[in-house]
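The values are calculated or read from the model by the stated rules, or taken from the named source; none is laboratory data. Being a predicted model, the structure only gives us computed values, none of them experimental. Cβ sites come from the backbone with ideal geometry, for glycine too, and all protein chains shown count toward neighbours.
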Amino acid sequence: MKKWLVLLTVAALTLALVLLGRQSDEEKVFFGVNDKATELESPSKKISQTSAGLESKKQTEQVPAENSGTFRSEDLQIIESCLKGAQFRPKLNLGDRLEHLMDQAEKQFHWISHLEIENLHFKDALGKELRFQILDIEKESRFFDVDLEGLPIRRDPPEGYAQLNPKQQRAALIRQFGSAIYSDSRLRLVDERTQESVLARTRNGEIVEFQMFFKSEGPDLKSLACGSLGLKRVQCKCL
Amino acid sequence: MRGSSSHPQRKTVEIQPIKGGFMFKILLSRSVFAVALLMPFLAHSSVWENENSWSPQWERAYQNWVSENWTKDYFNKPGPFKGLKFDCADLVYTMRAVFASQNGLPFAVNDPTGGGRLISNSMSRFDNLDSNARKRAFVKYLFGVVSTKSIPDDTYPAAVNRTTLSSGSVLLADEKSHHSWTVRKFLPSGIPYLLFRSRPAKTEMFRRIEYPSMGFTFPNGLNPERHAGFRNFRSVSDLTKSVWNVSGYSLEQYQIPYDSWRSRMQQKMAQRGESAEEMLSRLLDSACRGSEERVEAVQEGLNHLKKLDREGRLCMNSSEYDDFSTPSRDKRLVGNYEDLVRSYQGLRAQGQLGEGKYAKIATGLLFGQVSTGYCDINVPGVGRLNLGQVIAAGLERRFSGNPHDSARARWGFEGQGRRAKSCPTY
């Protein structure tokens, strides 16, 4: 059960729907318009797998993140030796991507998952970029324009934002913005029985960073980390 | 996307003797003249120039500067940053930015809005301002962009010893608690001297000499994926890397058992032991200061409530509620009280309490709830309370963090009021 993928896919699909200017059920769910619990609405709630999410996977074409890549033989060796004695035994092949590692982790544990979407970027009809930063989905969001250096300029929330019900605000706001061009999120998985955990980061729905914390032989905490941030390809490290 | 340099590379132009015909020389000289005329408009001013680069020597200078100069009233002193109002995360970043600006060192953070660039002192947005105003504008700009959520991307968890953790380090609480502290120094006893600020943003810092409670710092357990714990600033070149690729990254803090984390951290950071009197003095001081600061925070909420009355409004909006409610502060404060009680009981059980000044004060406050002359507190709307009475209310979970409540309800001397019941909480 690829819960994380379902969630990411729902997010990506929603972005696509915003792009098309449609207001579907998925969009409503994603931005918390209706009463269904969602991760954006409440990041601490357990991810639930929905049929809408599964269907959406087929429809969504994900944009590969910059610098993303595949595992090479040395990465697979690092993963194998790092996980000696650990519960986690992923089956990976040359050329697999970080998503495969995540899939395997997801299959082998009983996770409680938390997905937090952190940033959404939009472009309006005139090509002007707007950024929506979510600090606390219930309490605090920030809005930014972008300057000539590509750096954020804080802007006021849309008029009436503070007075509206947060759920309505978010939905109305997002629909006003225009085409979605970027999203990033943080995904945490915790197995409450073993206390093993995973922290992953995504860009445009694709995993760019994966770090698992676990105990193998002995009491020491170990970590397997794989990612492509700031690198030209995926790199793995055993810590 | 990511990886763009935070420092513009200066291009050097080699001047060659002009060759060619007369007309060419005139054309060229006119071009040079035109460029010269346009120079003021084309010039790019960094917020401050990078005259030095970070090195182990500069890191030590940074630590010494924080230890000696980073005081509660730092922002009341003359200089470009005087009077700035900040919250907890703003303060963390400002500590590093102020030192960098004073010494011509690079300062950069990841753009937390997902832009993929670095926000650094090389930005040109404040070109039109003079040098000091540029620095001030830059730091104020940071306040609108950074948060406790961005701290993990600009720092890394460090190993636990007096070389790796020091003045200028940062303590970050779990996201659930939304809080961070700056480390002014570690005392010889291994206890951190923390300076921080809470909301609403203000110019004065608060001081705490302790390891904050585990329940507040690590409400989701001692799990590295939550990022809570002691952290150091990343070098500029490490900002775009995954945290596990940052030099100095360590999981040591997370190897320590949860139940003994604070005492083990203290042992690891200590140069000598802490006597019973030192411990009680420190814990009483924390309880006293925290209680006095709560008086100020509660009063600000009550004043805001009066403002609402004048405006004919009944309830605060979510932003106001966030600024004037005190659930996190109350949790931290009750954690201080629990530490005091636990340590007192531990010392007594081990026969180490002694009959010193602070042992007597603690006994009077915790058992008699009588005034010992130590830290009596004037609470507007309630009266004069001794610290023992305040501690008892806190330990009995009678404090109300709801800013719609009256002073007496906020301090646990009456139940929740009608206004608090009818207004939404956020």
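Sort through B:286, B:291 and tell me the only one that's under 22 Å from residue B:169 (Cβ atoms) and in the same structural domain as residue B:387 (by TED's automatic domain parsing).
Criteria check complete, one pass: B:286.
Got at least one residue in segment B:76-87 being crowded, with 20+ Cβ neighbours inside 10 Å and at pLDDT below 95?
The answer is yes, given that some residue of segment B:76-87 is crowded, with 20+ Cβ neighbours inside 10 Å and at pLDDT below 95.
Anything in segment A:181-207 that is more than 15 Å from the chain's Cα centre (by Cα) and either at pLDDT below 90 or not β-branched (Val, Ile, Thr) (or both)? List them, or say none.
A:191, A:192, A:193, A:194, A:195, A:196, A:197
Kindly list the number of the only condition in (1) modelled with pLDDT of 90 or more; (2) surrounded by 16 or more Cβ atoms within 10 Å (Cβ to Cβ) that fails for residue A:145.
(2)
Considering only segment B:116-168, state which residues are of a type in the set (Gly, Ala, Ser) and either closer than 25 Å to residue B:58 by Cβ or in contact with a helix residue (DSSP H, G or I) (Cβ under 7 Å, 6 or more places away or on another chain) (or both).
Matches in segment B:116-168: B:120, B:122, B:124, B:131, B:137, B:147, B:150, B:158, B:159, B:166, B:167, B:168.
Report those strands (runs of 3 or more DSSP E) wholly inside segment B:99-172 carrying at least 1 residues which are at pLDDT 95 or above and within 14 Å of chain A (Cβ to nearest Cβ).
Qualifying strands (runs of 3 or more DSSP E): B:108-110, B:118-120, B:155-157.
Condition check ((1) outside any loop (DSSP other than H, G, I, E, B); (2) modelled with pLDDT of 85 or more; (3) not polar (S, T, N, Q)) across all residues:
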{"residue": "A:23", "(1), (2), (3)": "no, no, no"}
{"residue": "A:64", "(1), (2), (3)": "no, no, yes"}
{"residue": "A:68", "(1), (2), (3)": "no, no, no"}
{"residue": "A:90", "(1), (2), (3)": "no, yes, yes"}
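Does any residue of segment B:193-207 turn out to be in contact (Cβ under 8 Å) with a residue 24 or more places away in the chain, part of a strand (DSSP E or B), surrounded by fewer than 21 Cβ atoms within 10 Å (Cβ to Cβ) and of a type in the set (Lys, Arg)?
Yes, segment B:193-207 contains at least one residue that is in contact (Cβ under 8 Å) with a residue 24 or more places away in the chain, part of a strand (DSSP E or B), surrounded by fewer than 21 Cβ atoms within 10 Å (Cβ to Cβ) and of a type in the set (Lys, Arg).
Does residue B:321 count as surrounded by 18 or more Cβ atoms within 10 Å (Cβ to Cβ), in contact with a Phe, Trp or Tyr (Cβ under 7 Å, 6 or more places away or on another chain), among the aromatic types (Phe, Trp, Tyr) and not assigned by TED's automatic domain parsing to the domain that holds residue B:173?
yes
So residue B:312 fits all but one of (1) surrounded by fewer than 16 Cβ atoms within 10 Å (Cβ to Cβ); (2) farther than 27 Å from residue B:400 by Cα; (3) not assigned by TED's automatic domain parsing to the domain that holds residue B:107; what number is the exception?
All conditions are met except number (2).
Cβ-Cβ under 6 Å, sequence separation 6+ or interchain: first residue in segment B:306-327 and more than 14 Å from chain A (Cβ to nearest Cβ), partner surrounded by 13 or more Cβ atoms within 10 Å (Cβ to Cβ). Which pairs?
B:326/B:297; B:326/B:401
So if I check each of B:217, B:240, which one is in contact with a Gly (Cβ under 6 Å, 6 or more places away or on another chain) and farther than 13 Å from residue B:160 by Cβ?
B:240
Tell me the residue from B:275, B:235 that is within 20 Å of residue B:120 (Cβ to Cβ) and more than 9 Å from chain A (Cβ to nearest Cβ), please.
Within the list B:275, B:235, the selection yields B:235.
Condition first: within 15 Å of residue B:246 (Cα to Cα) and either over 24 Å from the mean Cα position of the chain (by Cα) or modelled with pLDDT under 85 (or both). Now tell me which residues in segment A:208-238 satisfy that.
Within segment A:208-238, A:228, A:229, A:230, A:231 meet the criteria.
If you go through segment B:105-115 one residue at a time, do you hit one that is small (Gly, Ala, Ser), within 23 Å of residue B:57 (Cα to Cα), buried (at least 22 other Cβ atoms within 10 Å of the Cβ) and out of contact with any His (no Cβ under 6 Å at 6 or more places or on another chain)?
yes
In segment A:219-233, which residues are crowded, with 16+ Cβ neighbours inside 10 Å, facing chain B (nearest Cβ under 7 Å) and under 21 Å from residue A:84 (Cβ atoms)?
Passing the criteria: A:221, A:223, A:225.
Please report, ordered by residue number, the helices (runs of 4 or more DSSP H) entirely within segment B:348-426 with at least 1 residues that are of a type in the set (S, T, N, Q).
Per the criteria, B:357-363, B:387-395, B:418-422.
Got at least one residue in segment A:196-213 being among the basic types (Lys, Arg), at the interface with chain B (Cβ under 10 Å from one of its Cβ atoms) and over 19 Å from residue A:78 (Cα atoms)?
Within segment A:196-213, the subset among the basic types (Lys, Arg) is A:201, A:203.
Those left that are additionally at the interface with chain B (Cβ under 10 Å from one of its Cβ atoms): A:201, A:203.
So of that shortlist, the ones also over 19 Å from residue A:78 (Cα atoms) come out as A:201, A:203.
Within segment A:196-213 (the criterion being among the basic types (Lys, Arg), at the interface with chain B (Cβ under 10 Å from one of its Cβ atoms) and over 19 Å from residue A:78 (Cα atoms)), the answer is yes, since at least one residue qualifies.
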